[in-house]
Amino acid sequence: MSLNDAFKALADPTRRKILDLLKDGELTAGEIANHFDMTKPSISNHLGLLKQAGLVRDERRGQYIVYALNTTVFQDVMKWILDLQNAGERKDAR
Amino acid sequence: MTGKRWIVAGAAALAAAVASLIFYNELPERMAAHFSLTDQPDRYVHKVIGAFLLPAVMLLLPALTNLNMRLERDPSKRTRFANVSETTNIVLILLLFAVHGVLLAYNLGRDIAAHSRFAPVVIGLALIAIGNVLPRAPRARLKLIRLSDEQYARYARFTGRCTVAAGFLLFLSALLPGGAGAVAAVAVVAALVLASLGGAVYFSRK
């Protein structure tokens, strides 16, 4: 759970979008995957990296594993800055 | 994790108690223990209390944390509580250690003219560190306001952000001259309390 792990995890827009989805509440991997045009193993891989960085936590509930946001305030700020930077780059590319 | 908590608390309490013992004979019978907004001491305690109360509190903190953790039956919440309390305990112990050092120095007659700057700086730093991890805190067993798990998660995130912001503002209030700094610091703490209470009511209705 180092700062480097958090930076690496937050650098990817898909992983930042997963964090945005989890802001509204806990979700299963399947529910998260429904929001992306990607295979479920790819989403699982992203979730694994987010969990390793300590940005999400998982909990088994029956046959499902639910994911919840586990970011600190500074990690939220870090994500917000990367979102802004990404938005700026997209604007420049147009 | 529990071991680390005790090591930090034990080392800080021991260092603080040893410092008190070394200077014990030089301390006044009635030690200044609290200061007004104008930097004048407004509360005195017997020197035994002044010298050894804070080291005892430093040891009491991890004990209370362990007790609280044992009361939590949900293993997942217990793990989350352990992770968050590791940070909060260390921050609070360092805060108490710094306060103890300043109290000893003041009562030994050292020139601590800037102690009105000391409080907003150390409390500001403590609020920043504690507020940062608040969004990760599980709901306490003692529920003062009824909130669902999702409402609580949003409330904890909101309170964490407010606490970090208050910490920064409190830190900056140390830069203001005398009276203005004290008024700003009180206003920041009052705003934080109001935001936390208001937030609980707001999120309980969402």
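General remarks:
- Ordered by the number of other Cβ atoms lying within 10 Å of each residue's own Cβ, fewest first, A:Met38, B:Met31 fall into the sequence A:Met38, B:Met31.
- Peptide B:124-136 has a mean of 2 when you count, residue by residue, the C-beta atoms of other protein chains within 10 Å of its C-beta.
- Candidate lysines - alpha carbon under 16 Å from B:Lys206, same-chain residues fewer than 8 apart omitted: A:Lys23
- Taking the longest Cα principal axis of chain A as reference, the axis of helix A:73-93 is set at about 50 degrees.
- Whole-percent pair-distance distribution, where bins are 10 Å wide, for the alpha carbons of segment A:1-69: 22, 58, 19, 1
- Overall dimensions of segment B:44-139 as given by Cα atoms, namely Rg and Dmax in Å: 16.2, 51
- Convex hull volume per residue for segment B:1-63, taking Cα atoms only, in Å³: 93
- For A:72-79, mean number of other protein chain Cβ atoms within 10 Å: 6
- Compactness ratio for chain B: Cα radius of gyration over 2.2 N^0.38 Å (N = residue count) comes to 1.13.
- Using Cβ point charges alone (K and R +1, D and E -1), the dipole size of the protein assembly as shown about the Cα centre works out to roughly 780 debye.
- With a 10 Å cut-off around each Cβ of B:148-158, the average count of Cβ atoms from other chains is 2.
- Within segment A:33-81, the percentage of alpha carbon pairs spaced more than 17 angstrom apart rounds to 45%.
- The equivalent ellipsoid that matches the C-alpha gyration tensor of the protein assembly as shown spans semi-axes of 42, 23, 18 angstrom, in descending order.
- Sparsely packed trypsin sites (Lys or Arg not before Pro) within segment B:136-198, loop by DSSP, other Cβ within 10 Å at most 16: B:Arg141, B:Lys143, B:Arg146
- Rg ratio (alpha-carbon, reference 2.2 N^0.38 Å) - segment B:116-206: 1.18
- 0 to 90° range, to nearest 10: angle between helix B:75-107 axis and chain B longest Cα axis: 20
Read-outs throughout are calculated quantities, based only on the coordinates presented, and are distinct from any laboratory measurement. These numbers come from a predicted model, not from an experiment. We place every Cβ from the backbone using ideal geometry, glycine too, and count neighbours over all the protein chains shown.
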